Amino acid sequence: MVDAAGYRHWTDAELELLADRSLAAADVAAATGRTEMAVRAARSRRGICRTRWTAEEIGRLRDYAASPKQIAAETGRSLSAVYAKRSEMGLPTPAAMRAAAREAAAATASRAASGGIRLHP
């Protein structure tokens, strides 16, 4: 129902979806025809927050082979939630990991060029 000010009130069915903590905001938004921000705001006003990170999800965060975007898709969490949790855990950002990998590769190449190591038997 839309009131005189143009506000679309949440129906009982929509509120049930909103309260389902296993559903990502994007999924609720798609199902209700509302924006993700509207879903997040409504959840915040009602004190509905996501479930705690599981041990499996935290293990996935530590998997440096997976991108934050992949982890977000797999866990149903937002990309910003993945970045925030990684930061909270003190894990390096993907950019920092790429820079460290480049530095390590450059150091290996430098040692190989100086004859310090052999790259091929």
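Working from Cα pairs under 8 Å separated by at least six residues, relative contact order for the chain is 13 percent.
Taking 0.36 nm per residue of separation and subtracting the current Cα-Cα distance, fully stretching the chain between Arg8 and Arg50 would add 12.7 nm.
Explain nothing, just the number: dipole magnitude of the chain about its Cα centre with +1 on each Lys and Arg Cβ and -1 on each Asp and Glu Cβ, in debye rounded to the nearest 20.
560 debye
The gain in end-to-end length when the Ala30 to Tyr83 segment is fully stretched comes to 16.8 nm, 0.36 nm per residue minus the alpha carbon separation.
A simple charge model with +1 on the Cβ of Lys and Arg, -1 on the Cβ of Asp and Glu and nothing else charged puts the dipole of the stretch 1-51 at about 260 debye relative to its Cα centre.
Here the stretch 65-117 yields Rg over Rh of 1.23, to two decimals, using C-alpha coordinates and the Kirkwood radius.
For the stretch 1-51, the relative contact order is 29 percent, taking Cα pairs closer than 8 Å that sit 6 or more residues apart in sequence and dividing their mean separation by the residue count.
Here, each number is a calculation from the coordinates, and none is a lab measurement. The structure presented is a predicted model; accordingly, all values stated were derived computationally and were not measured. Note: ideal-geometry Cβ built from the backbone for every residue, glycine included; neighbour counts use all protein chains shown.
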